[in-house]
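Data block below; observations after.
The values are calculated or read from the model by the stated rules, or taken from the named source; none is laboratory data. Bear in mind the structure is a predicted one, so any value in this text is a computation, not a measurement. With ideal geometry, Cβ positions are generated from the backbone for all residues, glycine too; neighbour counts draw on all protein chains shown. Ligands, DNA and RNA are excluded from the accessible area calculation, which covers all protein heavy atoms including side chains. Shrake-Rupley method; radii C 1.70, N 1.55, O 1.52, S 1.80 Å.
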Amino acid sequence: MAIHHSRIVLLFFLYATFTMFCYASNVLEAKTKPTKLITKLIHRNSIHSPFHNPHHSIEDKAKFIFENSLARFTNYKTDLAAGTDMGLLFLVRFYIGNPAISQLAVMDTASNLLWVQCSPNWYISRRSPIPLLDPLKSSTYASMPCKSEFCSYFPSSSCINEQCTYNISYVNAPPSTGNAATEQLLFESDENIVVVPEVIFGCSKVNKEYIDGGINGVFGLGPKKLSMARQLANKFSYCIGDFYDPNYNYNRLILGDEARLEGDTTPLEMSELHYYLNLQEISIGENTLDIDKKVFIRNITDKSKLSGVIIDSGSVATWLVNEAYYRFRNEVKRILGDSIVDTKECRWCLCYEGTMAQNLTNFPEVVYHFSEEAVLEVGFDGIFYQATASIFCMAVYPSSRLPDKPFQDATVIGVMAQQNHNVAYDLQEKKLYLESIDCQVYEG
């Protein structure tokens, strides 16, 4: 990974020092879990991220879009995934323990557990570029006994010396193993400090691959019982604004009863890991693509592969099953012409000479039509990206190009397509809300 460790060390040190100095006196004031929690989402490449590289070129940014989207569904042990950020896209900042330790964890709607790296070993902690939670020094840490009703909900749970342990595996990232526990979290929410007591989480053993990548852990928002979505009232929403601007500071995550449930609604299906939608059709401008809607139906009987339509927080691009992709591609070619160009990064991508600002101003809106008349309206900046100074490419890819066969029958709605929307998940009512919005509304 091309990560600047000195910058990571400095930023995390400043976060942790400021937190411990300012927030420690507030820790004992927490009584109950909040009904609303709003916090900033930090894009991996923004100026607010320790991963930000001010020298990234247009080509570097394009490479990130392409490689991140592939890595999301690629076994991390393969050569293709080596050197990528394992699907890291948005970070959630919070503080854990008493005294409070700053954390930046990866937001993931396809993970069901919050876990952070822990180490009671002073030698390891001192040499880590990121702050590690020492459970022996936190007055609010509590290990989970095996007899706890929650122990069985941890992935691959087991019992060692009457302590509940877990082992969670990922396709696109190394596993996390450690102790099941509860701890206190603090969030900067609307310029206030919100304290959430007794959060169930995984206190992970230190993993060198995560340490070297500057990753504290994973902020799981998946469908299952121990996810942060489930622990905080079964509701959450996120608002993603300008994906390309590193100075953009209005991306938000809301957890709890007062998550913004506004806009069109459509049924939300859930599996062990993913959120599914019922996609009916796709239109580009006034033309509805001739796609058999059966290709979007989820096959729940075949456990060997993914199918159906997944809405995802970790893939930048959108992936369409073959029949839908080539109908989509052909309509784009009809609008923009056949004079496509090759790029060294992606020989099968649809790319054109020119710039988005000049060549796509009149490109029609793409609309994904879901059941119960819900729509996701996507502008050209959610469909294309600038690959070089003089070439732009389509960020809609065929699922058949994914290297792992279990994913090749799935359609995935990526984050670029969700730009300028508030997307809300109501797990209790099994509904998804889609609202076209300016995320700056949260500053009001």
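Observations, loosely collected:
- Hull volume per residue, based on the alpha-carbon atoms of region 247-349 and their convex hull, is 199 Å³.
- Normalised per residue, the volume of the convex hull around the Cα set of region 320-393 (Å³): 98 Å³
- Region 364-442 and region 135-153: distance between their alpha carbon centers, rounded to Å: 38 Å
- Anchor Lys344: lysines whose Cα lies under 22 Å away (excluding residues fewer than 8 positions away in-chain): Lys61, Lys63, Lys333
- For trypsin sites (Lys or Arg not before Pro), the sites in region 363-444 that DSSP calls loop and that have at most 16 other Cβ atoms within 10 Å are Lys430.
- Assigned charges on the beta-carbon of Lys, Arg, Asp, Glu; the chain dipole about Cα centre (debye): 1460 debye
- Gaussian network model of the chain, Cα within-10 Å springs - most flexible of Ser227, Ser139, Ser46: Ser139
- Per-residue ellipticity at 222 nm from helix content only, as computed over the chain with -39500 (n - 2.57) for each DSSP H run of at least four residues, stands at -4500 deg cm²/dmol.
- Sequence-separation-based contact order of region 328-444, relative, with Cα cut under 8 Å and 6+ spacing, percent: 18 percent
- Across region 186-254, the mean sequence separation of Cα contacts (distance under 8 Å, 6 or more residues apart), normalised by length, yields a relative contact order of 15 percent.
- Kyte-Doolittle mean at least 0.5, axial Cα span of 18 Å or more - DSSP H helices of the chain: 5-23
- Lys/Arg +1, Asp/Glu -1 at C-beta; the chain dipole; positive extreme among Ala62, Gly414, Tyr210: Tyr210
- Only protein atoms count toward the accessible area here, which uses a 1.4 Å probe; on the chain, the carbon and sulfur part of that area reaches 49 percent.
- Heavy-atom accessible surface of the chain, averaged per residue, reaches 43 Å², computed with a 1.4 Å probe.
- Order of exposure, largest accessible area first, which applies to Lys344, Lys36 with probe 1.4 Å: Lys344, Lys36
- Region 248-263 and region 174-201 have their alpha-carbon centroids 19 Å apart.
- Structure-derived P(r) over Cα pairs in 10 Å bins from 0, in percent - corresponding label in [x] 4, 21, 32, 26, 12, 4, 0; [y] 4, 20, 29, 26, 15, 5, 1, 0, 0; [z] 4, 16, 21, 17, 13, 10, 8, 6, 4, 1, 0: [x]
- Of Lys225/Lys303; Lys147/Lys430; Lys305/Lys430, pairs whose Cα-Cα distance is over 28 Å: Lys147/Lys430
- GluC sites (Glu not before Pro) within region 238-340: DSSP coil, no more than 15 neighbouring Cβ in 10 Å: Glu258, Glu262, Glu272, Glu286
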